[in-house]
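The values are calculated or read from the model by the stated rules, or taken from the named source; none is laboratory data. What you see is a predicted model, and the numbers here were worked out from it, not measured in a lab. Quick reminder, even Gly has a Cβ in these numbers, built from the backbone with ideal geometry, and neighbours come from all protein chains shown.
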Amino acid sequence: MKKTFLLALTACMFSFIAFAQPDANAPTRTILAYGGQIQKAFIKQVIALTGKSKPRICFLPTASADNPNGINNWYELCHDVSVEPYWLSVWINSDFRQQSFEEKLLSMDAIIVGGGNTLNMIAIWKAQGIDTVLRKAYNKGIILAGGSAGSLCWFNAGYSDSRPKALSIVAGLAFLPFSHCPHYHSEPSRKPLYIAALLDGRMTPGYACDDKAGIVFLNERYSRSIALDGSSHTYFLSVKEGKISEELLEAQLVQ
């Protein structure tokens, strides 16, 4: 009986070890977060991350209420790069001929989220179930990207101009377990608010991006920084011994 018990215990231990090992065949979960508005150089970086010569990329302009100018700008930016551009509207009427949000988004190689009102965007996504679809896309290995509201949404929280009168803290989807500050130096009010929230514990340590800089995360870990010029940077901020630690992250220049 003792021998049987030991064999069973050994089998359980090996099963636990096998279960705990990461799946080598699992897709890499990838996010590119940049500080400002969408630009051609960022689109090219997203294309490169897909590893495909002509990927299918969907633009989500939810934060700007599907503003036609933003949608037109998306197609103008894509017209001379190797990409199949799409966009997703949330302002729809039921029609059996159209794809569901899940069918459309999960057929993409990458998804780019535009700027605007972060709070409203996430509320709409949750009402429509798009937040759940984005999580499925992320776990499937579909590249997620965006700037401003489109970068803040992937983190656990950050300051946003989504409410009247003043910037306020808005919760993100928390795909990344950090706080975030877009527009770090372009909007002077953001940096001191962000630092104050870190110091008093209202936000977790996190990453800040200037408008023309971004960060690539792989499986929820910092991978590398990119910048469109030498004056744009990314940073990691945390609290050490009661003081702010602002680490400048070395960035690769891209165009």
Selection status of Pro85, at pLDDT 95 or above and more than 20 Å from the chain's Cα centre (by Cα) = no
request  = Tell me, yes or no, whether the stretch 170-190 has at least one residue that is assigned to a helix (DSSP H, G or I) and within 20 Å of Lys243 (Cα to Cα).
outcome  = yes
key: Inter-residue pairs, beta-carbon under 9 Å, first within 18 Å of Asn73 (Cβ to Cβ) and in the stretch 83-106, second of a type in the set (Lys, Arg) and part of a loop (DSSP other than H, G, I, E, B), 6+ apart   = Val83/Lys54; Glu84/Lys54
request  = Looking for whichever is of a type in the set (Asp, Glu) and buried (at least 20 other Cβ atoms within 10 Å of the Cβ) here; the options are Asp66, Asp95, Asp109. Which one fits?
outcome  = Asp109
task = May I ask you to list the residues in the stretch 235-255 that are β-branched (Val, Ile, Thr) and touching a residue at least 60 places away in the same chain (Cβ under 8 Å)?
result = Val254
ask   = Of the residues that make up the stretch 232-245, is at least one under 23 Å from Leu134 (Cα atoms), among the hydrophobic types (A, V, I, L, M, F, W, C) and not in a loop (DSSP other than H, G, I, E, B)?
value = no
request  = Please verify whether the stretch 137-158 includes one or more residues that are free of Cβ contacts under 8 Å to residues at least 60 places away in the same chain and of a type in the set (Lys, Arg).
outcome  = no
inquiry  = Could you go through the stretch 150-169 and let me know if any residue there is surrounded by 13 or more Cβ atoms within 10 Å (Cβ to Cβ), polar (S, T, N, Q), under 24 Å from Leu77 (Cα atoms) and touching a Pro at 6+ places or on another chain (Cβ under 6 Å).
reply    = yes
query = Is at least one residue of the stretch 216-229 β-branched (Val, Ile, Thr), more than 17 Å from Gln39 (Cβ to Cβ) and out of contact with any Gly (no Cβ under 6 Å at 6 or more places or on another chain)?
reply = no
key: Count of residues meeting criterion [touching a helix residue (DSSP H, G or I) at 6+ places or on another chain (Cβ under 8 Å) and either outside any strand (DSSP E or B) or of a type in the set (Val, Ile, Thr) (or both)] in the stretch 205-231   = 4
